Amino acid sequence: MRIPESKIEEIRNSISIVDVISEYVQLRKRGKNYIGLCPFHSEKTPSFTVTEEKQIFHCFGCHAGGNVYKFLMDYKKISFVEAVQEIAEQQGIEINYDDEGFNEKQSEQEILYDINTEVARYFSNNLLHDAEGEIARTYFQKRNLKIQTMRSFGLGYAHNGYENLVNFLKEKNIDLEKALQLGLIGRNNDGRVYDKQAGRIIFPIFSPNGRVVAFAGRKLREDDSGGKYINSPESIIYIKGRILYGLSHAKDDIRKLDKAIIVEGYMDLISLYQAGVKNVVAVSGTALTDDQAQLLSRYTKNVVLLFDADAAGIKASMRSIEILLKRDFDVKISTLPKGEDPDSYVTKFGKDAFDEIIKRAENFLEYQTEYYETQGMFDDPTKMAEAIRDLVKPIALVSDELKRNLLIRNIGRKFNLREKLIEAELDKALDFQKKQNRLQSQRIFKKEEAQQESLIPTEKKTIPPHFYNTERELIRLLFENNEEIIGLITYNVHEEDILVDIHRNVFEKVYFEYENRGSLNPADLISLYDDEVQSYLRELTIEKYSLSNNWQDLNPSITQEMITKKYAIDLLVKYKQMHIDLQIAANVGAQENADSEVRLLDLMKEKHELERRRKSVREELEKQ
């Protein structure tokens with residue numbers, strides 16, 4: 001099933017990209033554009049730019065960019081079809097699907113989602129209705145899970161044996177190569193395929209929108225030689241560090257309560273959810289990542305960490321604190337009695353007792369202080385100084401100055417130290433953080449330069465700068481959504497005269513779209529190219545700095561269209577004259593080597609004609 005191109009365009013044109021992105025990113029107007037902190041990488045200075053005029057966004061730091069669909073796909077980790085459907089639903093536009101002729105790129109994700117959905121149903125049916133699934137049902141029932149909870153989370157069971165899922169996939173005519181790509185099956189050295197999750201209980205992993213993106217299989221039998229868990233590999237629909245287990249179930253409650261509880265394991269989350277604690281997500285066996293923190297920040301800025309009280313759990317808490325503080329979260333930590341985890345605690349003592357544990361959550365500074373006390377860090381002056389410095393470091397990540405000062409005061413009171421001493425340590429930590437940010441910016445800048453150079457590997461060095469820059473500016477004007485300008489350029493510039501390959505390829509496609517489809521929309525035109533060229537074009541067409549609207553208010557008689565047309569004519573005059581100059585130079589060289597007076601006379605006449613054409617370029621252009 002495919003969404004017609006005309007409908008995709010209609011839906012995109014029904015909404016402003018600025019309105020969509022401003023729901024997720026705080027934007028402020030600068031000139032004609034809007035800027036904000038990039039949601040796709042960590043930065044202190046805004047490099048994320050949105051242009052309403054062209055309906056595209058671009059980050060000059062990490063090079064993320066595209067149209068409104070691309071933003072939703074990257075930000076929400078959803079497919080192209082889901083992004084189109086989301087805007088259509090928001091705008092009240094009904095989608096009629098084509099039955100055939102779907103776009104390959106569009107369908108690839110959908111095919112993988114469909115395979116996972118079919119396999120999830122198969123695993124669930126094995127658990128709930130199959131005789132062999134009794135071993136898995138017994139396991140979950142011993143863990144006090146109800147049948148309804150098993151259904152809600154899509155829990156399942158993989159039959160013990162190595163061809164059960166393979167045979168099911170064959171029966172359903174599912175592409176085995178795609179199943180291999182998703183890690184549902186494996187392949188032996190002799191080429192035979194086999195079930196990878198055989199004999200295991202299955203936890204489907206969902207995207208924030210509730211689509212199955214992966215599976216985790218936990219072993220049940222002692223004779224299973226594999227690890228405790230076998231997880232799906234990463235694919236185009238699943239990147240482990242960008243998924244929070246349970247978020248699709250928890251997001252509404254997280255928004256409503258303005259708080260998220262982060263736990264470690266699948267069963268921790270499921271048991272809490274069954275008990276009525278629904279604002280919970282799990283990192284599921286991996287350290288919290290910056291992408292996961294970014295994902296969670298859409299729903300709340302308040303987090304309670306609830307990891308195991310063992311050494312590994314404490315280390316995970318410490319790492320998570322820094323990542324969350326960098327994203328401006330308010331971070332608290334709860335601890336359970338020794339030997340308990342969220343699953344066991346809520347099962348033994350119930351929801352009310354668990355709620356009390358959460359209410360008593362400490363701020364991150366109190367938690368770290370208590371941990372250092374238990375480690376004996378305050379019994380020795382040298383260790384104490386080291387501990388205090390470690391306590392100050394995360395405070396430097398807090399962007400709110402008032403909050404920072406209050407935290408510093410708490411440390412001063414706790415250790416009976418003068419605030420100025422603590423402030424001096426904080427200043428050092430802040431300086432270190434600034435240096436890290438500068439180094440990151442430099443790395444990004446160098447990477448940006450390298451990316452731009454890779455697009456034009458040798459030509460920029462061999463082509464005179466005035467040729468390169470003039471071509472570049474003419475290409476930029478093709479994306480101004482101005483029919484008169486596009487017509488002027490495509491009429492006067494010939495593809496074979498363009499010296500830079502990337503410019504020639506861009507010109508060729510724009511010319512075709514303009515002549516055959518009348519397409520002018522910059523977002524549509526830019527989407528025709530591969531990712532590297534798209535990045536090049538966004539940086540070319542989005543002005544980092546632009547004139548304020550106040551300038552136009554002070555000069556009402558001079559419109560933007562007038563300025564753009566004059567600029568386009570000036571560029572074309574320069575461009576045509578440069579090419580005539582090349583011909584004149586070649587002519588002069590030929591005159592020096594002329595082998596007869598007749599040939600010399602012809603060349604002199606030709607030169608005279610070239611000089612006449614050069615003088616009349618502007619006059620001819622202004623008549624068009």
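The values are calculated or read from the model by the stated rules, or taken from the named source; none is laboratory data. Please read these numbers as outputs of a predicted model, since none were measured by experiment. All Cβ positions, even for glycine, are placed from backbone atoms using ideal geometry, and neighbour counts span all protein chains on display. Surface areas here come from the heavy atoms of the whole protein model, side chains and all, with no ligands, DNA or RNA. Shrake-Rupley method; radii C 1.70, N 1.55, O 1.52, S 1.80 Å.
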message: Of everything in segment 378-390, what is open to solvent by less than 40 Å² (accessible area, probe 1.4 Å) and within 12 Å of GLU423 (Cα to Cα)? Give them in sequence order.
response: ILE388
message: Criterion first (open to solvent by 70 Å² or more (accessible area, probe 1.4 Å), modelled with pLDDT of 85 or more, among the polar types (S, T, N, Q) and more than 30 Å from ASN13 (Cα to Cα)) does ASN593 satisfy it?
response: yes
field: Odd one out for ALA594 among (1) in contact with a helix residue (DSSP H, G or I) (Cβ under 6 Å, 6 or more places away or on another chain); (2) assigned to a helix (DSSP H, G or I); (3) among the aliphatic types (A, V, I, L, M)
entry: (2)
message: Looking at ALA214 and the list (1) under 17 Å from PRO233 (Cβ atoms); (2) open to solvent by 10 Å² or more (accessible area, probe 1.4 Å), which single condition is not satisfied?
response: (2)
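Say whether the condition of being more than 27 Å from GLY154 (Cβ to Cβ) and either among the aromatic types (Phe, Trp, Tyr) or at pLDDT 85 or above (or both) is met by at least one residue in segment 71-87. Explain how you work it out, then say what you get.
Initially, segment 71-87 is screened for residues more than 27 Å from GLY154 (Cβ to Cβ), giving 71, 87.
Next cut, either among the aromatic types (Phe, Trp, Tyr) or at pLDDT 85 or above (or both) only: 71, 87.
Yes, there is a match, as at least one residue in segment 71-87 is more than 27 Å from GLY154 (Cβ to Cβ) and either among the aromatic types (Phe, Trp, Tyr) or at pLDDT 85 or above (or both).
This table checks each residue for (1) among the hydroxyl-bearing types (Ser, Thr, Tyr); (2) part of a helix (DSSP H, G or I); (3) modelled with pLDDT of 75 or more.
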position: LYS447; (1), (2), (3): no, yes, no
position: PRO457; (1), (2), (3): no, no, no
position: VAL506; (1), (2), (3): no, yes, yes
position: GLU532; (1), (2), (3): no, yes, yes
field: Single residue of segment 542-570 satisfying the filter (modelled with pLDDT of 85 or more and under 37 Å from the mean Cα position of the chain (by Cα)) that is most open to solvent (accessible area, probe 1.4 Å)
entry: TYR567
- prompt: Do we find that LEU306 is of a type in the set (A, V, I, L, M, F, W, C), under 14 Å from ILE358 (Cα atoms) and open to solvent by 10 Å² or more (accessible area, probe 1.4 Å) in this structure?
  reply: no
Segment 11-35 residues that are open to solvent by 40 Å² or more (accessible area, probe 1.4 Å), paired with ones that are of a type in the set (A, V, I, L, M, F, W, C) and not in a helix (DSSP H, G or I) (beta carbon under 8 Å, 6 or more apart): SER14/ILE93; GLN26/LEU37; ARG28/ILE35; LYS32/LEU547; TYR34/LEU27; TYR34/VAL50
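Of all residues being of a type in the set (Asp, Glu) and not in a loop (DSSP other than H, G, I, E, B) in segment 158-191, which is surrounded by the most Cβ atoms within 10 Å (Cβ to Cβ)? Just the residue, please.
GLU177
May I ask you to verify whether GLN106 is modelled with pLDDT of 85 or more, open to solvent by 10 Å² or more (accessible area, probe 1.4 Å) and of a type outside the set (Lys, Arg)? Working first, answer last.
Details: modelled with pLDDT of 85 or more: no; open to solvent by 10 Å² or more (accessible area, probe 1.4 Å): yes; of a type outside the set (Lys, Arg): yes.
No, not satisfied.
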- line: Given (1) at pLDDT 70 or above; (2) within 30 Å of PHE40 (Cα to Cα); (3) open to solvent by 30 Å² or more (accessible area, probe 1.4 Å), GLN451 misses just (1)
field: Sole exception among (1) in contact with a helix residue (DSSP H, G or I) (Cβ under 6 Å, 6 or more places away or on another chain); (2) open to solvent by 90 Å² or more (accessible area, probe 1.4 Å); (3) at pLDDT below 85 for GLU515, by number
entry: (1)
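Restricted to segment 47-56, and to residues that are touching a residue at least 60 places away in the same chain (Cβ under 8 Å) and surrounded by 24 or more Cβ atoms within 10 Å (Cβ to Cβ), which residue is nearest to ALA83 (Cα to Cα)?
Initial filter on segment 47-56 (touching a residue at least 60 places away in the same chain (Cβ under 8 Å)): 49, 51, 53-56.
Subsequent filtering for residues that are surrounded by 24 or more Cβ atoms within 10 Å (Cβ to Cβ) retains 49, 56.
On the way: THR49: 20, ILE56: 15 Å.
So the residue we want is ILE56.
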statement: Output for Cβ contacts, cut-off 9 Å, separation at least six or different chains, first residue closer than 17 Å to GLY265 by Cβ and of a type in the set (D, E, K, R) in segment 212-234, second assigned to a strand (DSSP E or B) and open to solvent by 40 Å² or more (accessible area, probe 1.4 Å), reads ARG218/TYR229; ARG218/ILE230; LYS219/TYR229; LYS219/ILE230; LYS228/ARG218; LYS228/LYS219
- prompt: Which residue, of LYS251, LYS259, is of a type in the set (Lys, Arg) and open to solvent by 50 Å² or more (accessible area, probe 1.4 Å)?
  reply: LYS259
Hits in segment 276-295 - residues which are open to solvent by 40 Å² or more (accessible area, probe 1.4 Å) and assigned to a helix (DSSP H, G or I): ASP290, ASP291
query: Is it true that some residue in segment 398-419 is buried (at least 17 other Cβ atoms within 10 Å of the Cβ), part of a loop (DSSP other than H, G, I, E, B), within 32 Å of the chain's Cα centre (by Cα) and not aromatic (Phe, Trp, Tyr)?
result: yes
